[in-house]
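Visitor: Pasting a structure below so you can have a look.
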Amino acid sequence: MFSSALRFGAIAQWLHWATVIFVIAAWLLGVFGDSLPGKLAQTAGLFVHMAAGLLVFLLAVTRLAWRSIDVTRYVNINVTARARLLLIASKVTHLSLYTLLIIVPLVGIGVQFANGNSLPVFGLFQIASPWVADRPFARSLKKIHELLAHTLMAVAALHAAAALFHHWVLGDRTLLRMLPGK
């Protein structure tokens, strides 16, 4: 359940891969949702997009909380300059990912509210918009939401590429630590 120096724990792995799935789903529906056949499918796609976005936000907050509980300390006295550089790059990438995982859904909520629409929460209830509809502001927010979502995908792709680089070039356990199984 908890992480060790050799592997991330089951909870950290589950939170990571669930986030991956919901980020990809939300992004795909955000980019291609208007191409779904028919108004009903487009409306359903938007609903799923918003639900996936809310799940991304909740998973990011949960991951941050879990990281504060599931702390694995790495002690390496003989750290090379290259290792220090990789550690800094890793920390900047993770900070960027967590920031985007929180900000992208929040800006998406802002788009919904700026349009004067309530926010459906998984079909269970709705949160009424606290704002009067402001379509020009909503369009501006939507462009920011889209730009940030594309940035999130680019940073996530960089993160995945770094894991593959660690595995195939550096030959370390970085990728294996996050994969389920033994």
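Visitor: Going toward the positive end of the dipole of the chain, with +1 on Lys and Arg Cβ and -1 on Asp and Glu Cβ, which of T43, H167, P136 do you reach last?
Guide: So the residue we want is H167.
Visitor: Given 0.36 nm per residue, what is the gain on full extension from L147 to I24 after removing their alpha carbon distance, in nm?
Guide: Contour length minus Cα-Cα distance gives 42.8 nm.
Visitor: Over the Cα atoms of the range 17-89, compute the convex hull volume and normalise it per residue, giving Å³.
Guide: Convex hull of Cα atoms, per residue: 104 Å³.
Visitor: While we're here: Given the -39500 (n - 2.57) contribution per DSSP H run of 4+ residues, what per-residue ellipticity at 222 nm results for the chain, rounded to the nearest 500 deg cm²/dmol? Please list the in-between numbers first.
Guide: Values: 5 runs with 124 residues, N = 182.
Value at 222 nm, helices only: -24000 deg cm²/dmol.
Visitor: Let me ask something additional. Please report the carbon-and-sulfur percent of the accessible area for the range 10-64; probe 1.4 Å, protein heavy atoms only, DNA, RNA and ligands left out.
Guide: 81 percent
Visitor: What is the angle, in °, between the Cα long axis of helix 135-165 and the longest principal axis of the Cα atoms in the chain? Nearest 10 is fine, range 0 to 90.
Guide: Once rounded, the angle reads 20 degrees.
Visitor: Based only on Cα atoms, what Rg/Rh ratio does the chain have, Rh being taken as Kirkwood's radius?
Guide: Computed over Cα atoms, the ratio is 1.04.
Visitor: Can I ask one more? If you scale each eigenvalue of the Cα gyration tensor by 5 and take the root, what three semi-axes come out for the range 69-156, rounded to whole angstrom and sorted largest first?
Guide: Listed largest to smallest, the semi-axes of the range 69-156 are 39, 16, 8 Å.
Visitor: Which angle from 0 to 90°, rounded to the nearest 10, does the C-alpha axis of helix 39-69 make with the longest principal axis of the chain?
Guide: 40 degrees
Visitor: While we're on this one: Quantify, in whole percent, the carbon and sulfur part of the accessible surface of the range 88-182 (1.4 Å probe; protein heavy atoms only).
Guide: Working: 4150 of 5870 Å².
Carbon with sulfur: 71 percent of the solvent-accessible area.
Visitor: At 1.4 Å probe size, with every protein chain present, just tell me what the per residue accessible area of the chain comes to in Å².
Guide: Working: 11670 Å² over 182 residues.
On a per-residue basis, 64 Å².
The values are calculated or read from the model by the stated rules, or taken from the named source; none is laboratory data. All of these numbers come straight from a predicted model, not from anything done at the bench. No Cβ is skipped: glycine too gets one built from the backbone with ideal geometry, and neighbour counts run over all protein chains shown. Note: areas computed on protein heavy atoms with side chains; ligands, DNA, RNA excluded. Shrake-Rupley method; radii C 1.70, N 1.55, O 1.52, S 1.80 Å.
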